[in-house]
Amino acid sequence: MEFKIEINAPKEKVWNVLWGEKTYPMWTAAFSEGSRVETDWKKGSKALFLGAENSGMVSRIVENIPYDYMSIEHLGMVMNGIEDFESDEVKKWAGAKENYTLIDLDGKTELHVFMEMDDTEDNKAMIEMFAEIWPKALANVKSLAEQDAIIPPVVV
């Protein structure tokens, strides 16, 4: 699945909105209110993508090229604080990547999000859910990045 949006802001600001400690929960609220991430965003680091219930996904930062590209590999789930890498549910999608590419358009930014997802009957509900939610999440990124507010830089 691929999604993209043009944002009237430089790549650095869009990057800081995507991965900023305060802004990440704001744009990912489209997926789940109370979303947050626990990571340092460094290549090879573990990332816990959690919701208000302390449940979510266990992932790894595969690549981080500041202001250009971030690749995240999803490895397992977290339920009630317990990490699961072995269940049949996890095995359906473990190893899938989510890639973010930022392209400079003369001071504007084109943000591409690519999610690996097999178009199978098992994944049909998730595909439909993401097709509905990703445009909302990207609209949140756009809104935050186009504000006059100063977004603190993400240090990696």
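Quick notes on this structure:
- Residue in the stretch 114-136 that is open to solvent by 30 Å² or more (accessible area, probe 1.4 Å), assigned to a strand (DSSP E or B) and out of contact with any helix residue (DSSP H, G or I) (no Cβ under 7 Å at 6 or more places or on another chain) present: yes
- Options E86, E146, E73; residue that is acidic (D, E) and under 22 Å from I7 (Cβ atoms): E146
- Some residue of the stretch 63-80 being farther than 19 Å from G44 by Cα, at pLDDT 90 or above and not hydrophobic (A, V, I, L, M, F, W, C): no
- The conditions of being within 20 Å of H112 (Cα to Cα), of a type in the set (G, A, S), open to solvent by less than 50 Å² (accessible area, probe 1.4 Å) and modelled with pLDDT of 95 or more are met by S59.
- Scanning the stretch 1-25 for residues that are modelled with pLDDT under 95 and hydrophobic (A, V, I, L, M, F, W, C) turns up just one, M1.
- Considered as a group, the residues in the stretch 88-145 that are at pLDDT 95 or above and among the small types (G, A, S) include one that is nearest to N16 (Cα to Cα), and that residue is A145.
- Test: residue in the stretch 144-153 that is over 25 Å from S55 (Cα atoms), open to solvent by 90 Å² or more (accessible area, probe 1.4 Å) and charged (D, E, K, R): yes
- Condition check for K42: under 22 Å from L18 (Cβ atoms), in contact (Cβ under 8 Å) with a residue 40 or more places away in the chain and open to solvent by 60 Å² or more (accessible area, probe 1.4 Å): yes
- Residue within the stretch 16-37 that is under 15 Å from the mean Cα position of the chain (by Cα), basic (K, R) and crowded, with 16+ Cβ neighbours inside 10 Å present: yes
- Residue that is most open to solvent (accessible area, probe 1.4 Å), among those in the stretch 84-112 that are part of a loop (DSSP other than H, G, I, E, B) and among the hydrophobic types (A, V, I, L, M, F, W, C): F85
- Residue within the stretch 49-56 that is closer than 13 Å to E98 by Cα and either open to solvent by 70 Å² or more (accessible area, probe 1.4 Å) or of a type in the set (A, V, I, L, M) (or both) present: no
The values are calculated or read from the model by the stated rules, or taken from the named source; none is laboratory data. What you see is a predicted model; the values in this text were computed from it and never measured. All Cβ positions, glycine included, derive from the backbone under ideal geometry; neighbour counts span all protein chains shown. Please note that ligands, DNA and RNA were not included when accessible areas were found on the heavy atoms of the full protein model with its side chains. Shrake-Rupley method; radii C 1.70, N 1.55, O 1.52, S 1.80 Å.
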